[in-house]
Amino acid sequence: MITDQVIPHADYLTVVQRKTAEKSSSDRATIACVIPAYNEEDTIADVLNALLKQTRLPDVIHVVINNTDDETFYLAREFAGPHEHTYQDLTYRTEVFVHDIGVNTDKKVGALNYGFSQVRDGYDYFLGVDGDTVLDRHAVEHLEKEILSDPRVGGVSAIYTVAEPKKGMIAKYLTTGQRAQFAAFNMDNLLRGRNMAVLGGQCSILSMEALKSVMVDNRQATPWVKDSEVEDSLLSLQIKSIGYATKISARARASVGGMETLRALDGQQVKWNYGAIDLMWPGQRSNTPGQPLHPNLRLRWSENLSMLFNIVTRMGFILLLAASLGIGAYVFYWFWLIPPLVAVILNVRIALSIKDRSARDIAFALLAVPAELYLWLRIGHFVRAWAKFFSKQQTDNWAAQARAERGAGYGFLMPALVALVIIAGLAFAWLNLPAGVQSAVLAIGWPILYITTLVQTLFMLRKALRGHRGFRV
């Protein structure tokens, strides 16, 4: 029962308050959970139910609702007040507070910083959980044990997977691709000494001491700053830079909401890619300095170089094949089947490593075509992000993602249109070249493609054959 007056959508006003209930006993750490929520009416109840059924409850939970025009506040309000949960004869108590901070120009960053201001004193750890992220019932317990195991650890991220959509063939296809993408990323981090490049905002536990040190060391008023498109990546870099380790959990798991339309996926992935480039690139944009040699960015550089290889080999093969067929000079060689075969083996290994994998996960990898089409989508996101970065457009990518999730905008079609124009131009130029020049281009182009594809295939084979050491993603 809520006894305080409720004033919906008041700027930066706590609308559900109560004195904090009994906290954890003095012999254990205290954890404050903050949930930034923007239009999460479909998921917020599941998120809170999962948190309140944890084998180790957070000591306090703050739901920070911002810029919302749906029923998120009213659904979250039903959970406000004290709660307790008993597990193995130990009773945990927590209190849920619900805040509607109204119009928030800093979006998720503003919601996180508002939540931090509510819990910065009196708690040892900050648990950030997105408003569409449902935690496994042991997640908080595992995260706490892992961050307590070594004082050098500044943050631990859960292992994420993407929740299965309830309906829609396109939604199911896209979320299966995202599950494979998350799985590959998580496995790479697990096998690198569990050193996590990004303490993702979906579900990560952070040391309060580390957050306060970041503020002091970087002369920030808050832990999260609005200068970066990827606030969690920047904070992870800052935590690492002051001497703390950033880890991925070996056991804590969480299920996140996926992007179920091409527009929404494009908006999310372009924002992520753009933000990563912003951190990687030398120099400074806004108030965020590029840190190209930072240890946490090695995997980012590897991902971008891998994507560049994917573009070169695929576009090179398509163009050389078309050119060879056009003049009747193409000869099939069986060894061109080796790269796609190695890719299938790698994708199947990743799919088999997914905990609670579905038949769709295996089919996605085994049939080759679904995974290849999804890679082409990712290539489009990659190209769009780099094009935006080099054009120096002042774009609000948070707003762009929000519009895309609402079904607005056609930016996701731009890479395909540009590719068609380029291919048409190259075809016209090719047809107007003398026969001798055409033969020379093919004589040089195919060997270059052989070598590039061989290098890429060897890297894929190395990944496909490495041991997973019992890790599940």
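Order these peptides, 437-448, 68-79, by their mean beta-carbon neighbour count within 10 angstrom, highest first.
So the peptides 437-448, 68-79, ranked by packing, come out 68-79, 437-448.
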Net dipole in debye of segment 64-119 [+1 Lys, Arg Cβ; -1 Asp, Glu Cβ; about Cα centre; nearest 20]: 200 debye
Backbone HN-Hα couplings from phi across segment 86-99 [Karplus 6.51/-1.76/1.60, Hz, Gly and Pro as x]: 9, 9, 6, 6, 10, 9, 9, 10, 9, 9, 9, 10, 10, 10
Matching label, percent of Cα pairs over 41 Å apart computed from the structure shown, candidates (1) 31; (2) 60; (3) 22: (3)
I need the phi-derived Karplus couplings for segment 177-184: 6.51 cos²θ - 1.76 cosθ + 1.60, θ = phi - 60°, integer Hz, Gly and Pro marked x. x, 5, 4, 5, 5, 4, 4, 5
When the accessible area of the chain is computed with all protein chains present and a 1.4 Å probe, what percentage of it is carbon and sulfur? 61 percent
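Ignoring everything except DSSP H segments at least 4 long, calculate the 222 nm mean residue ellipticity for the chain; use -39,500 (n - 2.57) per segment, divide by total residues, nearest 500. Can you show the working numbers first?
Values: 15 runs with 233 residues, N = 473.
Result for the chain, helices only: -16000 deg cm²/dmol.
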What is the helix-to-structure angle for 262-280, meaning the angle in degrees between its Cα long axis and the longest Cα principal axis of the chain, kept from 0 to 90 and rounded to the nearest 10? 90 degrees
Name the residues whose placed amide hydrogens come within less than 5 Å of the amide hydrogen of Ile159, ignoring near sequence neighbours (fewer than 5 apart) on the same chain. Ser249, Ala252, Arg253, Ala254
Using Cα pairs under 8 angstrom and six or more residues apart, how large is the relative contact order of the chain, in percent? 15 percent
Quick one: if you stick a label point 7 Å off each Cα along the C-beta vector at Asp69 and Phe390, how many nm between them? 3.7 nm
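Run through the DSSP bridge list for the chain and note the antiparallel percent, rounded to the nearest 5. Please list the in-between numbers first.
On the way: 23 of 46 bridges.
That works out to approximately 50 percent antiparallel.
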So for each of 81-89, 154-162, 263-271, 133-141 I average, over its residues, the number of other beta carbons within 10 Å; can you give me the resulting order with the highest mean first? 154-162, 263-271, 133-141, 81-89
Determine ³J(HN,Hα), in whole Hz, for all residues of segment 205-215 in sequence, where each value follows from phi through the Karplus function 6.51 cos²θ - 1.76 cosθ + 1.60 and θ = phi - 60°; x replaces Gly and Pro. 9, 10, 6, 4, 4, 5, 4, 5, 5, 4, 4
Return one number: the angle in degrees, 0 to 90 and rounded to the nearest 10, between the long axis of the Cα atoms of helix 139-148 and the longest principal axis of the Cα atoms of the chain. 90 degrees
Report the label-to-label distance for Asp227 and Lys53 in nanometres (one decimal), using points 7 Å from each Cα along the Cα→Cβ vector. 4.3 nm
Could you give the dipole magnitude of the chain about its Cα centre, charging the beta-carbon of Lys and Arg +1 and that of Asp and Glu -1, in debye to the nearest 20? 1760 debye
Could you give the distance between the Cα centres of segment 254-319 and segment 46-90, to the whole Å? 33 Å
Per residue, in Å², the accessible surface of the chain once ligands and nucleic acids are set aside, probe 1.4 Å: 48 Å²
In percent, how large is the relative contact order of segment 24-79, given Cα pairs closer than 8 Å and 6 or more residues apart? 48 percent
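Give the shape of segment 140-223 as rounded, prolate or oblate, defined through the alpha-carbon gyration tensor: a ≥ b ≥ c are the square roots of its eigenvalues, a/c under 1.5 means rounded, and otherwise the shape is prolate if a/b is larger than b/c and oblate if not.
It comes out prolate by the Cα gyration axes.
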Label model pair Trp430, Leu417: point-to-point distance (7 angstrom along the Cα→beta-carbon line) in nm is 2.4 nm
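The values are calculated or read from the model by the stated rules, or taken from the named source; none is laboratory data. Predicted, not measured: the structure shown is a model, and the values here were computed from it. Because the Cβ atoms are built from the backbone with ideal geometry, glycine has one as well, and the counts that use them run over all protein chains shown. Side chains are part of the model used for accessible areas, which takes the heavy atoms of the whole protein and leaves out ligands, DNA and RNA. Shrake-Rupley method; radii C 1.70, N 1.55, O 1.52, S 1.80 Å.
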